[in-house]
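For reference, the structure discussed in these notes is given below.
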Amino acid sequence: MESQNPNHAISPSATTASNGDSVFANIAKAPEDPILGVTVAYNKDSSPIKLNLGVGAYRTEEGKPLVLNVVRRAEQLLVNDPSRVKEYLPITGLADFNKLSAKLIFGADSPAIQENRVATVQCLSGTGSLRVGAEFLAKHYHQNSIYIPQPTWGNHPKVFTMAGLSPKYYRYYDPETRGLNFQGLLEDLSSAPSGAIVLLHACAHNPTGVDPTVEQWEQIRQLIRSKGLLPFFDSAYQGFASGSLDADAQSVRIFVADGGECLAAQSYAKNMGLYGERVGALSIVCRTADVASRVESQLKLVIRPMYSNPPIHGASIVATILKDRDMYNEWTIELKAMADRIISMRQQLFDALRDRGTPGDWSHIIKQIGMFTFTGLNTEQVAFMTKEYHIYMTSDGRISMAGLSSRTVPHLADAIHAAVTRIV
Amino acid sequence: MASRTAICRGLLRRNSITGARSMSSWWTSVEPAPKDPILGVTEAFLADPSPDKVNVGVGAYRDDNGKPVVLECVREAERRIAGKMNMEYLPMGGSVKMVEESLKLAYGENSDLIKEKRIAAVQALSGTGACRLFADFQKRFRPDSQIYIPVPTWANHHNIWRDAHVPQRTFHYYHPESRGLDFASLMDDVKNAPNGSFFLLHACAHNPTGVDPSEEQWREISYQFKIKGHFPFFDMAYQGFASGDPERDAKAIRIFLEDGHAIGCAQSFAKNMGLYGQRVGCLSIVCEDEKQSVAVKSQLQQLARPMYSNPPVHGALIVTTVLGDPELKNLWLKEVKGMADRIIGMRYALRENLEKLGSSLSWEHITNQIGMFCYGGLTPEQVDRLTNEFHIYMTRNGRISMAGVTTGNVAYLANAIHEVTK
């Protein structure tokens, strides 16, 4: 059935706009995604000493991706179960998964859960949860400004803009101290209009690794509640930051404990290593059960025209693990091991720079938390490290500690030392 | 770590919390949303305790025992995959292999367009996701355009283009009197639409009517589209499922391609591979040349990134494994034909039963129509009676999912339909 005449057998009329041209003829090639583009560039590099410190995907000491043992076990259970079918999930996703996810982030004894005040829907990992939440807000919330920390994950502004919200920034990272600009944060949130949405990284801020202290979180909470701002948590690293699931959820829990409302996007990409399966959940904590029920019904109307219902495979793995006491425990152990390895990489890199006498204060490497370190290197220094040392990272100076190993720390330390001493 | 937790516990026990308690909910004005007209049917069905209940609502295939089916080729693919793969992120455009196999299926194994790399294609979240991605793309790059949607169509099409903020118009499609195609009006609408309009076409097994243009009619439509410079966007959710032969079911698309149209196409593996809940599909857009297809693909990725970053890997792996292995692919072709044949058999059985009951109405359309659905002959009030009196669940537009009909329930169904229509 191949076309006999590839030059069109029928001539379009003279009035057709494009006279046989594509309607999309003027489309320019989009720039590479700054984060995912790093891996693309890394893959193209043929050097044997190349190092990928771009995307935040965990690597073992051998530099390999890791599938958790408990995940493999869950997979086996699923594949061996002949009763399992591949039917559509409900629009809101797998019910068990939703309940268990809410418990995970809010705590099993959370009054909000016990009072049925939480609407939870399964979404496509963190991105999908943020997008669904943002579209819901754009439709139903009276304010469309969303305050996001400066800096933040590169995809945040795009998600919110596409959903119809209007991103504004609040100060967060202090380049001088390589820590939190707490004064600036409080000032900026104080001057936000009442009712504005505030995006908060629950723990292990991406890209800086800088988190508020417990005391600072309490002050933030008081400010947000007194100004009537709406908190929207992005929780992508629960358990991955400190190694403790409960500790990493404290910021969210103090907000829920005060009886107020909030949104929370959860991802299982990193803490369960389920990256490509796209597993996550969006929870909206409401004042009453009746409100939560109506909110859930409206969330369905956001989801249906986007992808109808979420993918079943990853959520089934998560539910299998979370509902089984032994598997849950096994998971917490494997999770802590990943977090510990990263903490150890931080220490090793810090020590290596100190041993080389690299100029500057590098203590932020061990003060920052989670997968990423915001090195403080500038774009020229980063470009230098890529060109001369084949080290791939985002141009904002963010490195993924998960991509390091004891074997490769010296190479990175050499590169940083060279960059800092040769390029200012 | 211990002290941090202790401090938190202290904070959580505090009673006088600034501000929060005195506020009412942000969401008091949020109305309860209406139930989805299609998916809500299954919810209602599940809640019904009657032993006679029949679900001919959602378009998910059932075997002759009314049970959902996982294809053998899929089970085998899963066995081969399990335990072997890591779960790393796919690229934003999804699995390259899966997309290659999808394109071969839709465009033909030996398609020149594929050889010339003229097709911009990404993995999408089944058919819905592919349509939504296209709608968002259309909005971004042809912001002044509208979408022409057939009447009737799958209800969610309207939601998709609406949420993408693309204005909608409709074109005539279904002819209630004949329960067939209103071809004359359809062609009028095509001619009267402004040049260069965007049209949504169902490639085969139209949902909900089961009414497809004949090959000759497709040729005429394609010809007229060429004159008008219209953009054809095909939603192909049932390739293989309609006639049992995927090549045959792609005929409309192939006709348009022969005529030189640069089409867009949404493909779904939900039904034809039974991968419903895995959400696997593909969006493709034919471009002038390789350079343009690279540009278009990059822009599609830019739309996927703020929606879900990258698509789910598991379902894509299954599709790649099945279609990439000649033995598994042959098994799949057999199983698809089996499903299509069973449905065609049920169409004949339902029609025969109604005619035997002495119904004075014409039930020809049941066997004229194609694919999963049977449409027409039932008013909403009759549908309500079917549900309330006979525990038969279908969408209120009278669409019957033939996949839910079995040798065990066809007589009951025919009888009930006869009762409410006589």
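For A:Tyr172, B:Tyr348, what ranking results if the residue with the fewest other Cβ atoms within 10 Å of its Cβ goes first?
Values: A:Tyr172 21, B:Tyr348 12.
So the ranking, lowest neighbour count to highest, is B:Tyr348, A:Tyr172.
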query = Out of A:Met272, A:Met338, A:Met306, any idea which swings most in a Gaussian network model of chain A, alpha carbons joined below 10 Å?
reply = A:Met306
ask   = What is the dipole size for the stretch A:88-323, taken about its Cα centre, with +1 at each Lys and Arg Cβ and -1 at each Asp and Glu Cβ, in debye to the nearest 20?
value = 660
ask   = In straight Cα distance, which aspartates and glutamates are under 12 Å from A:Lys158, not counting same-chain residues fewer than 8 positions off?
value = A:Asp33
remark   = Whole-Hz Karplus couplings 3J(HN,Hα) for the stretch A:175-191, θ = phi - 60° and coefficients 6.51, -1.76, 1.60, Gly and Pro as x, run x, 5, 8, 6, x, 7, 8, 5, 4, x, 4, 4, 4, 5, 6, 5, 8
key: Built amide H within the under 5 Å cut-off of B:Ile392, gap 5+   = B:Val54, B:Thr387
task = Starting from the Cα-Cα distance between B:Leu357 and B:Lys337, subtract it from 0.36 nm times their residue separation and give me the gain in nm to one decimal.
result = 4.2 nm
key: Given charges at beta-carbon only (K, R positive; D, E negative), |dipole| of the protein assembly as shown in Debye   = 1400
query = Where in chain B lies the longest segment free of GluC sites (Glu not before Pro) that are both loop residues by DSSP (not H, G, I, E, B) and have at most 11 other Cβ atoms within 10 Å?
reply = B:178-422
Partner lysines for A:Lys323 [C-alpha distance under 24 Å; skip if fewer than 8 residues away on the same chain] = A:Lys86, A:Lys99, A:Lys103, A:Lys270, A:Lys336
note = Sorting B:Gln369, A:Met371, B:Gln138 by the position of each Cα along the dipole of the protein assembly as shown (Lys, Arg +1; Asp, Glu -1; all at Cβ), the one nearest the positive end of that ordering is A:Met371
ask   = What ranking do B:Met98, B:Met85 get, fewest neighbouring Cβ atoms within 10 angstrom at the top?
value = B:Met85, B:Met98
task = May I ask you to list the lysines whose Cα is less than 24 Å away from that of B:Lys356, ignoring any residue fewer than eight positions away on the same chain?
result = B:Lys53, B:Lys422
query = What is the set of long-range amide H partners of B:Phe231 at a cut-off below 5 Å, with H atoms built 1.01 Å from backbone N?
reply = B:Ser197, B:Phe198, B:Phe199
remark   = With R₀ set to 22 angstrom, the calculated FRET efficiency between the beta-carbons of A:Arg356 and A:Phe182, to the nearest 0.05, is 0.10
note = Counting only DSSP beta bridges fully inside the stretch A:88-323, the antiparallel percentage to nearest 5 is 45
Cα centre as origin, Lys/Arg/Asp/Glu Cβ charges: the stretch A:21-83 dipole, Debye = 180
Simple spin-label estimate for A:Asn69 and A:Asp324 in nanometres, 7 Å along Cα-Cβ = 1.3
request  = Could you work out the mean count of beta carbons from other protein chains within 10 Å of each residue's beta carbon in B:77-89?
outcome  = 6
key: Label-point separation in nm, B:Ala82 to A:Thr60, each point 7 Å along Cα→Cβ   = 2.2
ask   = What 222 nm value per residue comes from the helices of chain B, counting each DSSP H run with n ≥ 4 as -39,500 (n - 2.57) and dividing by all residues, nearest 500 deg cm²/dmol?
value = -14500 deg cm²/dmol
request  = Tell me what chain A gives for mean residue ellipticity at 222 nm when only DSSP H runs of n ≥ 4 count, each as -39,500 (n - 2.57), the sum divided by the residue total, rounded to 500 deg cm²/dmol.
outcome  = -13500 deg cm²/dmol
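Restrict the search to the stretch B:166-218; then list the trypsin sites (Lys or Arg not before Pro) that DSSP places in a loop and that have at most 16 other Cβ atoms within 10 Å of their Cβ. Before the final figure, lay out each step's value.
Numbers: sites: B:Arg169, B:Arg179, B:Lys191; in loops: B:Arg179.
Here no trypsin sites (Lys or Arg not before Pro) fit, given the DSSP loop and packing criteria.
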ask   = Across peptide A:208-221, what mean number of C-beta atoms from other chains lies inside 10 Å of a residue's C-beta?
value = 2
note = A correct Karplus calculation of ³J(HN,Hα) over the stretch B:311-323, with 6.51 cos²θ - 1.76 cosθ + 1.60, θ = phi - 60°, whole Hz and x for Gly and Pro, returns x, x, 7, 4, x, 5, 4, 5, 4, 4, 5, 5, 6
message = Counting only other residues whose beta carbon sits under 10 Å from that of B:Ser268, what net charge do I get with K and R as +1, D and E as -1?
response = +1
task = Stick to Cα atoms and the Kirkwood definition of Rh, then tell me Rg/Rh for the stretch B:210-362.
result = 1.05
message = Give me a comma-separated list of calculated 3J(HN,Hα) values for the stretch A:372-380, in order, Karplus coefficients 6.51, -1.76, 1.60 applied at θ = phi - 60°, integers in Hz, x for any Gly or Pro.
response = 10, 10, 8, 5, x, 6, 8, 4, 5
request  = From other protein chains only, count the Cβ atoms within 10 Å of every residue's Cβ in A:226-239, then give the mean.
outcome  = 1
request  = Go ahead and run the numbers for FRET between B:Lys329 and A:Thr332, Cβ-Cβ distance against an R0 of 41 Å, rounding to 0.05.
outcome  = 0.45
ask   = How big is the convex hull of the Cα atoms of the protein assembly as shown, per residue, in Å³?
value = 164
ask   = Given labels modelled 7 Å from the Cα in the Cβ direction, how far is it in nm from A:Arg407 to A:Asp96?
value = 3.9
note = One would report the antiparallel percent of DSSP beta bridges in the protein assembly as shown, rounded to the nearest 5, as 45
message = Which residue, B:Val319, B:Leu354, A:Ala41, has the largest displacement toward the positive end of the dipole of the protein assembly as shown when charges sit on each Cβ (Lys, Arg +1; Asp, Glu -1)?
response = A:Ala41
task = Please identify every one of the trypsin sites (Lys or Arg not before Pro) in the stretch B:315-385 that sits in a loop by DSSP and has no more than 15 other beta carbons within 10 Å of its own beta carbon.
result = none
ask   = How high is the FRET efficiency between B:Arg140 and A:Ser194 when r is their beta carbon distance and R₀ equals 25 Å, given to the nearest 0.05?
value = 0.15
inquiry  = Can you tell me what share of the DSSP beta bridges in chain B is antiparallel? A percent to the nearest 5 is fine.
reply    = 45
request  = Could you pull out the pairs from A:Lys29/B:Lys297; B:Lys97/B:Lys271; A:Lys50/A:Lys387; B:Lys97/B:Lys329; A:Lys64/B:Lys84; B:Lys139/B:Lys251 whose alpha carbons sit more than 18 Å apart here?
outcome  = B:Lys97/B:Lys271; B:Lys139/B:Lys251
inquiry  = Using Cβ counts within 10 Å as a stand-in for footprinting exposure, how do B:Val383, B:Val286 rank, fewest first?
reply    = B:Val383, B:Val286
Amide H contacts under 5 Å for B:Val151, placed H, 5+ residues apart = B:Phe171, B:Tyr173, B:Tyr174
query = DSSP loop chymotrypsin sites (Phe, Trp or Tyr not before Pro) in the stretch A:305-382 with at most 14 other Cβ atoms within 10 Å of their Cβ, which ones?
reply = none
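All of the numbers you see were taken from the coordinates with simple rules; none came from a lab. Being a predicted model, the structure only gives us computed values, none of them experimental. Cβ coordinates were reconstructed from backbone atoms using ideal geometry, including for glycine residues, and neighbour counts include every protein chain displayed.
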